[in-house]
Amino acid sequence: MSMQVLYDIAGCDRGWAAQRAAMVIAITEQLTAQNITREEALELMEDLVRMDALDQEADDIELKTALVSAVYAVAKVI
């Protein structure tokens, strides 16, 4: 479910959200291919949703919440 949310967000017209969602998808793919470690993946994902940077760009609170929730849900299962 969370990956589907990320795919949906990656296809949206909000650049800040689409870019971050696409990056999380790429990180997950790299982890699956064993090109990065779980710890590296988690660190990269956390960097993408750091609230200070995200707050400066996010213009849609619902989309921001969906993105952050999906990233943390994916991070829990990897």
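The values are calculated or read from the model by the stated rules, or taken from the named source; none is laboratory data. Quick caveat: nothing in here was measured; it's all calculated off a predicted structure. Positions of Cβ are generated from backbone atoms using ideal geometry, with glycine treated the same way; all protein chains shown enter the neighbour counts.
When you go through (1) of a type outside the set (Gly, Ala, Ser); (2) within 22 Å of GLY11 (Cβ to Cβ); (3) modelled with pLDDT under 90 one by one for LEU31, which number turns out not to apply?
(3)
Would you say LEU67 is of a type in the set (A, V, I, L, M), crowded, with 18+ Cβ neighbours inside 10 Å and modelled with pLDDT of 95 or more? Spell out how you get there, then give the answer.
Values: of a type in the set (A, V, I, L, M): yes; crowded, with 18+ Cβ neighbours inside 10 Å: yes; modelled with pLDDT of 95 or more: no.
Spelling it out, it is not the case that LEU67 is of a type in the set (A, V, I, L, M), crowded, with 18+ Cβ neighbours inside 10 Å and modelled with pLDDT of 95 or more.
I need a count of the residues in the range 37-58 that are modelled with pLDDT of 80 or more and loosely packed, with under 15 Cβ neighbours inside 10 Å. I'd like the intermediate steps shown before the answer.
Keep residues of the range 37-58 that are modelled with pLDDT of 80 or more, which gives 37-50, 58.
Applying the additional criterion that residues be loosely packed, with under 15 Cβ neighbours inside 10 Å yields 37-40, 43, 46-47, 50.
Qualifying residue count, the range 37-58: 8.
Output the residue which, of all residues in the range 9-36 that are without any contact (Cβ under 8 Å) to a residue 24 or more places away in the chain and hydrophobic (A, V, I, L, M, F, W, C), is surrounded by the most Cβ atoms within 10 Å (Cβ to Cβ).
ILE27
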